[in-house]
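Each remark here refers to the structure printed beneath this line.
The values are calculated or read from the model by the stated rules, or taken from the named source; none is laboratory data. This structure is a prediction, so every number in the text was calculated from the model and none was measured. Cβ sites come from the backbone with ideal geometry, for glycine too, and all protein chains shown count toward neighbours.
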Amino acid sequence: MFNSTHWSLILAAGMEQHPRRNEGWEHLAQEYWYPLYVFARRSGHRPDAAADLTQGFFEELLRSERISRADPARGRFRSFLLTSFKNHLRMERRAMAAQKRGGNASSISLDAQAAEERYLIEPVNESNPEELFERRWVFEILERALDRLIAEFSEGSRAGLFARLQSSLMGDRAGGSYAEIAREFTMTEGAVKAAVHRLRQRFRSLLREEIAGTVSSSSEIEDELRYIAQVVSR
């Protein structure tokens, strides 16, 4: 059966008595808060307002039952979430004063300063807010897959070789010629090429696992891989 962990967590977040509700909200915040913050900033909101709007949006979702109405059969969850966020921005346009929301809802903590530091190094181009939101979501997925790969190669004799080959993951040349790396690690050039091939295969496998957690069926994985490749190449 197709692994639906991502959707299971999303639906759990919308159920007040669900035992995995907190885990679901942590998952949502980790994956989507920065792309939504970027969308708010690129839409013209100042840093403090963008942070407040993103914070308020997550807490509104937490209080409401809107998440429980998300349907895996109706498309990508990120599209549902972005549409909901746009509606939230329209509703909050007249209430931009930064203030802490009250009530009984648990708070989703956002590090506004860290978010703005990340935003300031975003490429300055003509990308509209929707495109930048998608781009940041793509790079969040890539970073999670890379973090898992780094964890696998962070210990022992493989760590140094991985550091030299890491730049080859997206199709670029490794950090130095294969001949240079072979001499450094007492390998044949062919063995270095084979290591690059295995590294790319493992990265793609981890990336597929990350994507599998964001779609409703396995048939969508290849489409998402092609979409990610398009975004990265822009």
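Checking the structure you have, find out if any residue of the range 170-183 is under 23 Å from residue 39 (Cα atoms) and surrounded by 15 or more Cβ atoms within 10 Å (Cβ to Cβ). Break it down into steps so the answer makes sense when it comes.
Taking the range 170-183 and keeping what is under 23 Å from residue 39 (Cα atoms), we get none.
No, the conditions are met nowhere in the range 170-183.
Using the structure shown, decide if residue 203 is closer than 30 Å to residue 77 by Cα and not polar (S, T, N, Q).
On the way: closer than 30 Å to residue 77 by Cα: yes; not polar (S, T, N, Q): yes.
Judged against the criteria, residue 203 is a match.
Could you count how many residues in the range 7-43 are in a loop (DSSP other than H, G, I, E, B) and at pLDDT below 90? Give the derivation first.
Within the range 7-43, the first condition is being in a loop (DSSP other than H, G, I, E, B), and the residues that meet it are 14-20, 43.
Keeping just the survivors that are at pLDDT below 90 gives 14-20.
Here the count works out to 7.
Select from the range 107-127 the residues that are part of a loop (DSSP other than H, G, I, E, B) and modelled with pLDDT of 75 or more and write down the one among them that is surrounded by the fewest Cβ atoms within 10 Å (Cβ to Cβ). Working first, answer last.
Start the filter on the range 107-127 by keeping residues that are part of a loop (DSSP other than H, G, I, E, B), which leaves 107-111, 120-127.
Restricting the remaining residues to those that are modelled with pLDDT of 75 or more gives 120, 122.
Values: 120: 10, 122: 14.
Ranking the qualifying residues of the range 107-127, first place goes to 120.
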